[in-house]
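Only the coordinates and a few stated rules stand behind these numbers; no lab work does. Computed from a predicted model, the values in this text were never measured in an experiment. Cβ coordinates were reconstructed from backbone atoms using ideal geometry, including for glycine residues, and neighbour counts include every protein chain displayed.
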Amino acid sequence: MRLNYPTNIRIINVPCTGRVDILHLLKAIEDGADGVYVVGCLEGDCHYLTGNLKARKRVNYVKKLLEEMGIEPGRVEIYNLSAAQGPRFAEIAREFTARIKELGPTPVRAGGKAKEKAA
Amino acid sequence: MAAKSGNSKVGSVMVVGAGIAGIQASLDLAESGFYVHLVDASPSIGGLMPQLDKTFPTNDCSMCIVSPKLVDAGRHLNINIISNTEVDFVEGEVGNFTAHLVNHPRFIDPVKCTGCGVCKQHCPVTAVNEFNEGLDRRAATYIKYPQAVPLAYAIDRETCIGCGLCEKLCLAKAVVYAEEERRSTLEVGAIILAPGNEVFDPTAFDTYSYAHHPNVVTSLEFERILSASGPYQGHLMRPYDREEPKSVAWLQCVGSRDINHCDNGYCSAVCCMYAIKEAVIAKEHSHEPLDTAIFFMDMRTYGKDFEKYYERAREEHGVRFIRSRVHTVDPVEEGRLKIIYTDEEGKSLEEEFDMVVLSSGFQPSKRTVELAERLGIELNEHNFAETSSFEPVKTSREGIFVCGAFRDPKDIPISVMEASAAAAAAAAPLVESRFTLTKTKELPAERLVAGEEPRVGVFVCNCGINIGGYADVPAVRDYARNLPNVVHVEDNLFTCSQDTQEKIREVIKEKDINRVVVASCSPRTHEPMFQETIREAGLNKYLFEMANIRDQDTWVHQNDPQGATQKAKDLVRSAVAKAALLDPLEQTVLGLNKVALVVGGGVAGMVAALSLADQGFPVHLVEKTGELGGNALKLRKTWKGEDIGSYVKDLVARVQSHEHITLHTNTQVVANTGFVGNFDTILEKVDDPEQKTTVQHGVSIVATGGKESRPTEYLYGEDDRVLTALELDSRLKEDGNGFKNVNRAVFIQCVGSREPERPYCSKICCTHSIESALQLKELNPDMNVYILYRDIRTYGFREELYKKARAKGIIFIRYSLERKPQVSNGSGSLQVQVYDPILGRDLVIPADALVLASAVLPNEAKEVVRALKVNQNAEGFFLEAHMKLRPVDFGSDGLFLCGLAHYPKSIDEAIAQAQAAAARAATVLAKDVITLGAVKAVVEPDKCAVCLTCVRTCPFGVPYIGEDGYAVIDPAGCHGCGACVAECPGKAISLQHFTDKQLIAKTEALLLKEIGEAAAGK
Amino acid sequence: MVVAERKPIEEILDMIKEFDKVLLTGCKGCVTVCNAGGEKEVGILASALKIARKKEGREIEIDEITLERQCDPEYIDQLEDPISKNNYDAVLSMACSVGPQYIAKRFDTVLVYPMLNTSFIGGSLEHGVWAEFCQACGSCAIHNFGGLCPIARCAKSLMNGPCGGSSGGKCEISPETDCVWHLIYERMSRLGQLDKLGNVVMFKDWTTSRDGGPRKIVREDLKQ
């Protein structure tokens, strides 16, 4: 469909969102991603039955963890859509990018920079 | 292909029509040892399904579920897709047909075309877009939809002005303006016709304003309006002014059950359900509350889970259902439409709507009818293929089979089921030629790369100008050169072209490359191809990684070349990082036991057993009782009048004498272990649990059947004159003359069905009662026969029977669940009291006989459920793997189902389903080995804390704690989803090819941007 | 098993705020099974702490190791190598509180911090849910109570029937908590042992419990 969305989105493919580990999401944040989101099948439509439901719980766990550390939980998200919803995919990319722009750059990188400047 | 030798039969099959039925038949045949030529007049396969938005009753996205099948068919080594082609005529006989084909020009060579779409973008001509039912326009150079298979463009020369622009722009040199119509022939052993139907064109209904009002659309047009890939991107809009409608009406039976405007007296069988689905989905799409109303005669929601869908639409979604006949749709101001209709009481009413959808029926196209005539197969009075109930997929010409909507109008799952049945039927006469024409790949030995340092080769594709036109490909290529472990980089015009493939194979050898990264289009379409290429160069196919720099980069960032280039670099860096960590993986190959177990000795079980036994596979047929035949023993004849008794007798005799069938009567299944290909099942004598046998087999077919329920109302069991439908059948079978003195007979429908405690339609009872009523009428033409019903569900051609019954004077009175009939026998005679909605008053009918159409129940089959670990729905019917596209498969591999155990159905459908189960089973049994995918969860015993997490989280119940004290995941059962991997608290499980290390390396590399740039000296 | 849960991140961050390099140790025993301190949780905590510290602009280096068990000295010995080779500011333990104590005992001069709160002795009710079943009183008598422990599972540890707070089978402290005495009654009635409930259970000798001071078990036959 070639629907435009911002270039800042990078995709890592997994066989099922059920494969996505809490650690994978944290690693992305730790490595300096401004945000990370999981895109899975519509709830009830998981090819592996419940993978997307498990992923949602893990995303919620990470949100809570980030909140505890004073990082906006909105930097992590899960979306559900079907393979036929190309426009929705682009919309999510724009939506999430807008959300992250609002939140600003990740404090994880900003913190590092602050230190550099101080030093 | 090997030349035909002597009298032997040709081991290939031609499938005509590549809709879902044709595709399924092709896949089943190709998977069971036959070479398939799949012929379709269209430039791409898929038929109707890609045009649908959602499918009932699961609301699955149609494109999502069909596209994997398209890809499977497109990629299959033993399916030859012949697009743009029609069959002219066929000579010869079963085993040795010569099919004469007409190959229409496509004007673009599908072998050279890479599907890049540059031609379409620059084509100056626009034409009506048939895929969107004419609601928008497309270029003259086009592809039907982005997921099309083959993924190659075509030129519509009707509208093409011959400007030559596409030919100039096509870097793959695929455009061939001069292409002409060709003729060709195919040698095949059997033929399957799956041409489908066309949607009835309601232009002739001038009273419905379709031809001259844009807001009156057909149901298929409405599907496109709802579809995310449709003309309005899934926004619910009416064509007149692109405003969101606030009210939409559906008119049922347009071009069906109608002999006034058209000759289609039959019911199209699917329109009630699709109208409900469209109403529900439209409500979901609408921003404002949307009023939806369905104007109908009888609501025919007779399939599995359909009645519940109907209930939910009415109760939860508030779809209005108006029992009526519409006579006029009149345009009023502002694009609105006034519907004038007559309700059940005969009152004329009117109501206005923003939009009207005509629920168009289906009919064989003129082209299909002409094809049938050329092939010399018999058609019925409605121009559908004529078949017998006992051989439902066999046409009148030996060796030519039929499936799908061309046999009778039907929904997707039944089409798919029939397609598999046709595959089984087509395979039977060709068994001796199995695997004589199929191709296998000859591959070199795999190079051992363990212990070698990673040496990564990176191939960056320009994809014509699809990538190179937006991102700076040479810059990406040069950037890749400096990445760790990279020993070779190059960029190609088309990395997927034949010559580049050859180059890749050479470079791999020349530079000792042991990991390959291709940066190009999408793994969805091209990963398997590149994996094949590196495998041909001696590398394990899992040593491949793809960077998606087209679909996920240049195609979506066309307005930001710099951003696209940077992203391409990041994606390549990330792919290289994972590539370095890739391990060669071994696909487990297991032997298999080419034996089938069939549970249940009714018609379905026997047909499945015979179908497999006739193909040479040994079968164990297990029947709980002492007698074969099941419910069919009690039935008289089919609705078409065919004698069931003699059919069953013949079937039993064939089963009993078949050399490949081992019969186990008075026997039940008590335990089962193993996986597809290698099961062990323990059988036990019902009356002697000590007597046990273990059978080893590769597949199981469950056909445990159903039974008639015992009514608990209408004086059943209290008065001898009250019978169930089967009891009436038995009496008629014994001695019909007893009914000659009966003057008044009453049938009550839906006894125990469509009730809150059993919320499904038993599907067969309307037809059965009408057939019995006609039989009574024949015995005593003066008999007054009444049928008290809720909706008459004589779907398909059964509608003819309904028409005949009315013509014979059988009286139909509708009742509602709220006002069920009352039966009393106070004064000695039976009195049936019922409220007649047409007369608007209660009637009292004295009856000499009362027949109750009692519900069809599944047999309990508790042992089977426990032993095979198969699932049932709330009503006790078995649950198939996928309601639409895997109707006879269970969720677990190697298990199949058929017959009443799946859902109530007529005998012809049960037979087709049994043949389908056999075809699916044959796809397993025909092979010598089972090759398992390598993406599986693997346990590291040392790290396992036997905490049970995997056992509890696996959605398929595969892991268990083994005798050695750690979790065991059998690769034959593992689906490779990775759910247990992500949850294991000891990190003892890893998912091959998607290990933590690989995924984290990918993430790290992606986010290393600044460091990467710093390293590159920026 | 011993059931534990991770301390709040905030508390942990406060504990380690002075450190720049630490060793985070997990345990493959009970805390792996209860998803509190196995290799996976070690990875998650390490990543979370690194994120938090990056955010503060003071990055922390965290090495991860998960031991077979932290309640046996031989396994603790495996820390010798990393601790001697690295100049850790502290060692963080994700075992039950036995672990940090063993580490502290073994490495005299090393600062040790517990990452978990050791909660109770219990079992899993379902995946992801754990409950307390034992209080380690040292003299088990659950056969008198239909096999259910009123000491661990009654909020008041009552030994002779429920208190007045039992309502509809639930304990007054929370509608989520079963009244164990209700369960005991039901089970004993199913066992036909209701008459046994008539016996008065005398007050318990708590000397076998914590009241007798820290406990020790010595098996002379096994002792080397």
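DSSP beta bridges confined to the stretch B:232-350 are antiparallel in about 55 percent of cases.
What the Kirkwood sum gives for the stretch B:456-583 is a hydrodynamic radius of 14.0 Å, with every pair of different alpha carbons counted. For chain B, averaging the sequence separation of C-alpha pairs within contact (under 8 Å, six or more residues apart) and dividing by the residue count gives a relative contact order of 11 percent. Cross-link pairs exceeding 28 Å between alpha carbons, from the set B:LYS308/B:LYS394; B:LYS69/B:LYS120; B:LYS69/B:LYS246: B:LYS308/B:LYS394; B:LYS69/B:LYS246.
Give me C:VAL112, B:VAL599 sorted ascending by neighbouring Cβ count inside 10 Å, so fewest comes first. Each step should come with its number before you reach the end.
Working: C:VAL112 19, B:VAL599 30.
Starting with the residue having the fewest Cβ neighbours, the order is C:VAL112, B:VAL599.
In the stretch B:107-179, the alpha-carbon atoms span a convex hull of 82 Å³ per residue.
Considering only alpha-carbon pairs that sit under 8 angstrom and 6 or more positions apart, the relative contact order computed for the stretch B:937-991 is 47 percent. Between the stretch B:447-507 and the stretch B:133-207, the alpha-carbon centres lie 34 Å apart.
So if we plug the beta-carbon distance of B:GLN233 and B:ASP499 into 1/(1 + (r/R0)^6) with R0 = 35 Å, what FRET efficiency do we get, rounded to 0.05?
0.35
Among the listed pairs B:LYS366/B:LYS803; C:LYS7/C:LYS85; B:LYS54/B:LYS304; C:LYS28/C:LYS85, give every one whose C-alpha distance is greater than 20 Å. Listed pairs above 20 Å: B:LYS366/B:LYS803; C:LYS7/C:LYS85; C:LYS28/C:LYS85. Peptide B:559-566 shows a mean partner chain C-beta count of 2 within 10 Å per residue C-beta.
Of all beta bridges DSSP finds with both residues in the protein assembly as shown, what is the antiparallel percent, to the nearest 5?
If I count the DSSP bridges inside the protein assembly as shown, around 50 percent turn out antiparallel.
Packing here is the average count of other Cβ atoms within 10 Å per residue, and on that basis the peptides B:447-456, B:496-505, highest first, run B:496-505, B:447-456. Mean per-residue shielding of peptide B:971-980 is 5, counting Cβ atoms of other chains within 10 Å of each Cβ. Per residue, the convex hull spanned by the alpha carbons of chain B comes to 191 Å³. Shielding by partners for peptide B:941-947, expressed as the average number of C-beta atoms from other protein chains within 10 Å of each residue's C-beta, is 4.
Go ahead and run the numbers for FRET between B:ASN743 and B:LYS707, Cβ-Cβ distance against an R0 of 51 Å, rounding to 0.05. Once the sixth-power term is evaluated, E becomes 0.95. Summary of the geometry: the stretch B:827-849 and the stretch B:890-965, compared by the centres of their Cα atoms, lie 53 Å apart.
In loop segments of the stretch B:93-139 as defined by DSSP, there are no GluC sites (Glu not before Pro) with at most 10 further C-beta atoms inside 10 Å of their C-beta. Annotation for B:GLN822 and B:GLU432: the two label points, set 7 Å from Cα along the Cα-Cβ direction, are 7.2 nm apart. One quarter of the convex hull surface, Cα atoms only: what value does that give for the protein assembly as shown in nm²? That works out to 61.9 nm², a quarter of the Cα hull's surface.
Counting other Cβ atoms within 10 Å as a rough exposure proxy, the listed residues A:LEU66, C:LEU183 run C:LEU183, A:LEU66 from fewest neighbours to most. With the convex hull of its Cα atoms as the shape, the stretch C:135-197 has an orientation-averaged projected area of 4.2 nm². Beta bridges from DSSP with both residues in chain B: antiparallel share about 50 percent, rounded to the nearest 5.
Over the stretch B:284-392, consider all pairs of different Cα atoms and compute the Kirkwood hydrodynamic radius from their mean reciprocal separation; express it in Å, one decimal.
Result for the stretch B:284-392, one decimal place: 17.7 Å.
If the chain between B:GLU288 and B:GLU311 were fully stretched, how many nm would it gain, using 0.36 nm times the residue separation less the Cα-Cα distance? Walk me through the numbers before you get to the answer.
On the way: separation 23, 0.36 × 23 = 8.28 nm, distance 2.26 nm.
Gain on extension, B:GLU288 to B:GLU311, equals 6.0 nm.
Given R₀ = 25 Å, what would the calculated FRET efficiency be for B:HIS660 paired with B:LEU590, taking r from the Cβ atoms and rounding to 0.05? That pair, B:HIS660 with B:LEU590, gives E of 0.60.
The lysines whose alpha-carbon is closer than 21 Å to the alpha-carbon of C:LYS170, local same-chain residues fewer than 8 away aside, are C:LYS156.
With contacts taken as Cα pairs under 8 Å at a separation of at least 6 residues, the stretch B:199-363 carries a relative contact order of 31 percent.
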